[in-house]
Amino acid sequence: MTERIGLDPAERAWEISTYQESDRAGALALVRDEYGDIDLADGDYYDWLRAACPPDVTQWLVREKGTGRVVSAATMVGVRAVWKGKGIKALLGFNIVVAPEYRRQGIHSTLIRQSREDIKAAGFCLTTIFPNPKSMPQLARSETHHHVSEVALLVRPLDLRALADAQYDNRLVSWGGTLGWGLASRTLWRAQGPPGKRTPLHISEDEMLDESYNHFWSQVRTKYDLMLVRDRAFLTWRFIDIPTREYQVLSARKGDEILGYIVLRETDVRGTVTGLIADFLVAPGEQGALAGQVLLHAALERFKETGMPLAGGLLLPHTHEYALMRRAGFLKAPKPLAPQPFHLFVRSHCDDPGLEAITRPEAWYISIADHDAV
């Protein structure tokens, strides 16, 4: 069935409406039906996310006519970004869900048209979306959303036998996988050794983020052309204040100065307990490379100590941090280990930066911090 964008409003079984607080239960039910009983459908997570909605952008949803049931909803989160060091406003499209029986009926296109003017009037330059596999075909055909890149999932096995047993429950496969990775790790993908004991850097586990994170951000804000502002306020909101997940934030410091940080989380990926690198950013140059080496070594040691068989994270291949992870023994994940493909789409709302600039993969710095589901 083709998408019936031109369907007359009178013929639709649905109608566009503005979000009201009374819609909270219906929106949560919609997310739960789509993803199951996970934290995306938790009320505390939902309230945390909606608290970041910009007040000058209308949050639209779709109701079923007659019953008033919520059949499509999304949360638009307002964030700050930088384009070549210049501050711009951006939106993140989170928890975009359409009930199965209402897909391919033009709901997504209608919502885009409905929100276009107030987004532009509020001064937002772009919107980013990581669609789930069910939404990918529609976005790929969209004239308003543009594909930037697939974001690589990098993984490093930490306990090969436990990993193979968890994935395949087959001792022969487990044995072969162990031998195969062992050979590869000594030849093609030899991991960089641990940092020397005389390194001038020390690791700090930061339960609260201090002003030094703002100073670090001022040093790295021009490292990439386009990235979300990763200052103290954003990192605190994303990793400290979130009510349903626990993250560890580690910084590599020389004295009180931060030269890089890494954010860790333990989660389940397709039945395998995995240590996620949720964000990883270091200063440019040799000092940043050393900070990255120290941070990755500390992260992997923590993952091993807690018995995690696998570590992973999302990054784009042109970045400094991606190269550091590769040198630490990470590889692009084979499809059986990837929970889903991670594709970045962007929607433009202004002329500076233009569409050509924001759809160039090499302009972006992206990590799990930019994604809604992990």
Exposure of ASP351 as accessible area (Å², to 10), given a probe of 1.4 Å and all protein chains: 150 Å²
Sequence-distant lysines (8 or more away, or on other chains) whose Cα lies within less than 21 Å of LYS332: LYS304
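What trypsin sites (Lys or Arg not before Pro) does segment 247-330 have in DSSP loop regions with at most 13 other beta carbons within 10 Å? Could the numbers behind the result be given before it?
Numbers: sites: ARG253, LYS254, ARG265, ARG270, ARG302, LYS304, ARG326, ARG327; in loops: ARG270.
When the trypsin sites (Lys or Arg not before Pro) of segment 247-330 are filtered for loop state and at most 13 Cβ neighbours within 10 Å, ARG270 remain.
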Calculate, in whole percent, how much of the Cα-Cα pair population of segment 191-274 lies beyond 19 Å. 49 percent
So what are the chain's ellipsoid semi-axes, whole angstrom, largest first, if each one is the square root of 5 times an eigenvalue of the alpha-carbon gyration tensor? 37, 25, 19
Work through the residues other than LEU316 whose Cβ is under 14 Å from its Cβ and net out their charges, Lys, Arg +1 and Asp, Glu -1. -2
Here, TYR102 and ARG24, labelled 7 Å along Cα→Cβ, have an inter-label distance in nm of 2.1 nm
Only sites in a loop by DSSP and with at most 15 other Cβ atoms within 10 Å count here; which chymotrypsin sites (Phe, Trp or Tyr not before Pro) in segment 269-374 make the cut? none
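Per residue, how many Å² of accessible area does segment 80-157 show with a 1.4 Å probe? Each step should come with its number before you reach the end.
Numbers: 3260 Å² over 78 residues.
With the other protein chains kept in place, segment 80-157 gives 42 Å² per residue.
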Over the Cα atoms of segment 78-139, how large are the radius of gyration and the largest Cα-Cα distance (Dmax), in Å? 13.7, 44
Binning at 5 angstrom from zero up to the longest distance, how are the C-alpha pair distances of segment 20-110 distributed in percent? 3, 12, 22, 23, 17, 12, 5, 4, 1, 0
Lysines whose Cα lies under 26 Å from that of LYS120, excluding same-chain neighbours fewer than 8 positions away: LYS84, LYS86, LYS89
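At a 1.4 Å probe radius, which order do ASP33, ASP118, ASP241 fall into by accessible area, largest first? Could you put the intermediate results ahead of the total?
Details: ASP33 130, ASP118 35, ASP241 85 Å².
Largest to smallest exposure gives the sequence ASP33, ASP241, ASP118.
May I ask you to give the percent of accessible area on the chain that is carbon plus sulfur, with a probe radius of 1.4 Å?
Working: 8800 of 17180 Å².
Roughly 51 percent, rounded to a whole number.
When Rg is the radius of gyration of the Cα atoms in segment 218-374 and Rh is its Kirkwood radius, what does Rg/Rh come to?
Values: Rg = 15.8 Å, Rh = 16.6 Å.
Taking Rg over the Kirkwood Rh, I get 0.95.
Before I look further, what does segment 194-267 give for accessible area per residue, probe 1.4 Å, in whole square angstrom?
Working: 3530 Å² over 74 residues.
With all protein chains present, segment 194-267 gives 48 Å² per residue.
The values are calculated or read from the model by the stated rules, or taken from the named source; none is laboratory data. None of the values given here were measured: they were computed from a predicted structure. We place every Cβ from the backbone using ideal geometry, glycine too, and count neighbours over all the protein chains shown. Please note that ligands, DNA and RNA were not included when accessible areas were found on the heavy atoms of the full protein model with its side chains. Shrake-Rupley method; radii C 1.70, N 1.55, O 1.52, S 1.80 Å.
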